[in-house]
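One structure below.
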Ligand code: N01
């Protein structure tokens with residue numbers, strides 16, 4: 001059994017940065033990664049059309065100025081392929097691979113209070129111990145598996161966008177079904193339409209999708225980014241960690257004239273990107289204002305899609321715009337003008353079963369296909385945590401006390417689980433912000449917290465229950481007036497007994513969150529409870545996988 005200071009689970013964006021940051025302060029770090037390479041979601045989600053939906057110049061590491069200088073993004077929104085090349089470059093450039101154990105899955109971790117360590121076990125029977133366990137497992141990584149009856153009978157091929165296989169998937173000229181029309185399904189369908197013999201898009205809920213506005217990036221933009229001093233600080237002081245998306249002051253709907261309102265909507269549509277969420281400052285709070293934006297998008301769908309019946313089925317009515325994650329597309333609605341694309345409305349006529357040759361609906365209608373692409377979404381936030389049997393000294397599971405929604409302090413730790421960090425977790429800005437910067441911000445906090453402990457000979461840390469409760473109240477208060485709190489989606493936990501709702505991410509903004517974290521750290525990590533060492537902590541000797 002090898003001892004480490006820190007075991008990191010996952011070698012995606014968070015895992016890579018955790019190795020670099022924590023190793024840099026003299027800690028021995030082992031990262032355990034189930035995949036065959038680095039990259040996390042960008043390693044696994046290699047489906048055609050996969051692309052980030054935040055500007056590449058923001059959605060990247062900011063800890064190294066040399067890295068920012070040398071990596072030249074080619075497009076406003078990097079493709080999965082470019083992002084994966086970038087993350088591999090980071091792994092090589094900072095010599096991170098020697099700390100990573102690939103193709104190894106952590107199955108269990110048990111806290112040993114007498115030693116103030118976790119025992120960590122892998123699927124292949126390896127065992128390690130660590131003073132700190134850091135889950136860099138991602139919020140959107142545990143995919144919903146297809147459980148349609150009859151799938152085993154299907155004679156064709158089937159794949160999941162979230163785990164696109166590393167083999168040749170036959171697409172050209174094939175009859176293809178895409179099931180699911182979230183960000184993944186929309187991106188995949190748009191790309192597949194060009195190559196498929198026929199594409200059937202199975203839609204249960206019509207979602208709002210807006211043009212991404214992807215363009216090649218010219219050198220001047222990249223040079224300006226590099227020339228900007230304190231860019232990292234500036235992004236940390238922005239609401240979502242991406243200034244371009246939401247730049248400029250925004251007023252309430254009532255503060256604009258009718259001509260200005262239309263102009264703002266049209267300009268945002270043309271510019272593309274997440275800014276459609278903030279054409280008017282009050283669109284997430286006032287349903288009447290929200291409806292103006294939603295009507296505008298529905299009108300665009302009708303203008304784009306030639307067949308009126310298809311256009312109407314694509315128009316989202318089930319929820320207000322922006323109350324589920326807005327989808328960024330590159331010509332999604334246009335594919336329905338192609339003769340080889342059919343929209344299948346499975347809200348009206350649900351999928352009954354998969355047959356040997358295709359997909360049968362409740363009405364008896366059957367669509368014969370060669371390939372099924374499932375884009376069914378994820379068990380968000382806690383799904384990846386629940387795949388690992390993580391137990392505290394009482395034998396409780398990490399998420400066992402979360403039956404009424406996740407509980408955490410600053411999106412990072414939960415009471416009862418000492419020395420366990422889950423950066424970008426519930427109760428932090430997480431999926432509502434730039435996740436690369438979010439990881440950096442929280443892992444820096446972890447590094448400072450460990451340094452604080454080591455300097456004082458402290459062995460354990462966990463959130464004080466009152467401080468955690470107070471933070472959860474703040475998270476709830478920030479979301480209390482939002483329309484989206486009352487819309488079912490992966491960011492909302494609904495209690496089955498009384499229907500009460502918990503909005504999982506913190507919506508107060510990355511800027512406010514970061515200021516709170518800074519104040520907490522400056523105040524001796526107020527709200528965290530430390531256990532004193534019986535004897536000075538022995539740093540673990542090993543720095544590379546055994
Ligand atoms: O997952 P989703 P996703 N029968 O949950 C449908 C990030 N991301 O992977 O809405 C039929 O949004 C389900 O239908 P319904 C991003 O944060 C980012 O697409 O439940 N359909 C829905 O249409 C995003 O928000 C990018 O009625 C079924 C779809 O499956 C998050 O990941 C790219 C069904 C799931 O949509 C998740 O996106 C990709 C069934 N039985 C992902 N079960 C970028 O652009 C589920 N569905 C960076």
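The values are calculated or read from the model by the stated rules, or taken from the named source; none is laboratory data. Predicted, not measured: the structure shown is a model, and the values here were computed from it. When we count neighbours, we look across all protein chains shown, and the Cβ atoms used for this are built from the backbone with ideal geometry, even at glycine.
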If only one of 387, 391 is in the same structural domain as residue 121 (by TED's automatic domain parsing), over 21 Å from residue 297 (Cα atoms) and within 22 Å of the chain's Cα centre (by Cα), which one is it? 387
Residue check for residue 371: at pLDDT 95 or above and within 16 Å of the ligand (Cβ to nearest atom): no
Can you pull out every residue in the stretch 131-147 that is within 11 Å of the ligand (Cβ to nearest atom), more than 15 Å from the chain's Cα centre (by Cα) and either surrounded by 24 or more Cβ atoms within 10 Å (Cβ to Cβ) or in contact (Cβ under 8 Å) with a residue 12 or more places away in the chain (or both)? 145, 146
Reported set for the stretch 86-109 where residues are surrounded by fewer than 15 Cβ atoms within 10 Å (Cβ to Cβ) and either part of a helix (DSSP H, G or I) or within 16 Å of the ligand (Cβ to nearest atom) (or both) is 89, 92, 93, 98
For residue 236, the lone unmet condition from (1) away from the ligand (no atom under 16 Å from the Cβ); (2) crowded, with 20+ Cβ neighbours inside 10 Å; (3) within 15 Å of residue 342 (Cα to Cα) is (3)
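Determine which member of the set 437, 485 is within 16 Å of the ligand (Cβ to nearest atom), touching a residue at least 12 places away in the same chain (Cβ under 8 Å) and either under 25 Å from residue 26 (Cα atoms) or not in a loop (DSSP other than H, G, I, E, B) (or both).
On the way: 485 fails: within 16 Å of the ligand (Cβ to nearest atom).
The conditions single out 437.
Mind checking whether some residue in the stretch 110-130 is within 16 Å of the ligand (Cβ to nearest atom), assigned to a loop (DSSP other than H, G, I, E, B) and in contact with a strand residue (DSSP E or B) (Cβ under 7 Å, 6 or more places away or on another chain)? So that I can check it myself, show each step before the final result.
The first filter runs over the stretch 110-130 and keeps only residues within 16 Å of the ligand (Cβ to nearest atom), leaving none.
Scanning the stretch 110-130 turns up no residue that is within 16 Å of the ligand (Cβ to nearest atom), assigned to a loop (DSSP other than H, G, I, E, B) and in contact with a strand residue (DSSP E or B) (Cβ under 7 Å, 6 or more places away or on another chain).
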So, residue 395, is that one more than 16 Å from the ligand (Cβ to nearest atom) and more than 27 Å from residue 27 (Cα to Cα) or not? yes
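Filter the stretch 12-28 for residues that are in a loop (DSSP other than H, G, I, E, B) and under 17 Å from the mean Cα position of the chain (by Cα) and give the result.
Applying the first criterion (in a loop (DSSP other than H, G, I, E, B)) to the stretch 12-28 yields 12, 24-28.
Result: 12, single match.
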Please indicate, with yes or no, whether at least one residue in the stretch 49-57 is within 15 Å of the ligand (Cβ to nearest atom) and either in contact with a strand residue (DSSP E or B) (Cβ under 6 Å, 6 or more places away or on another chain) or within 17 Å of residue 98 (Cα to Cα) (or both). yes
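Conditions (1) within 16 Å of the ligand (Cβ to nearest atom); (2) within 26 Å of the chain's Cα centre (by Cα); (3) surrounded by fewer than 22 Cβ atoms within 10 Å (Cβ to Cβ); (4) assigned to a helix (DSSP H, G or I), marked per residue:
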site: 149; (1), (2), (3), (4): yes, no, yes, no
site: 158; (1), (2), (3), (4): yes, yes, yes, no
site: 165; (1), (2), (3), (4): no, yes, yes, no
site: 169; (1), (2), (3), (4): no, yes, yes, no
site: 178; (1), (2), (3), (4): yes, yes, no, no
site: 190; (1), (2), (3), (4): yes, yes, no, yes
site: 223; (1), (2), (3), (4): no, no, yes, yes
site: 232; (1), (2), (3), (4): no, yes, yes, yes
site: 240; (1), (2), (3), (4): yes, yes, no, no
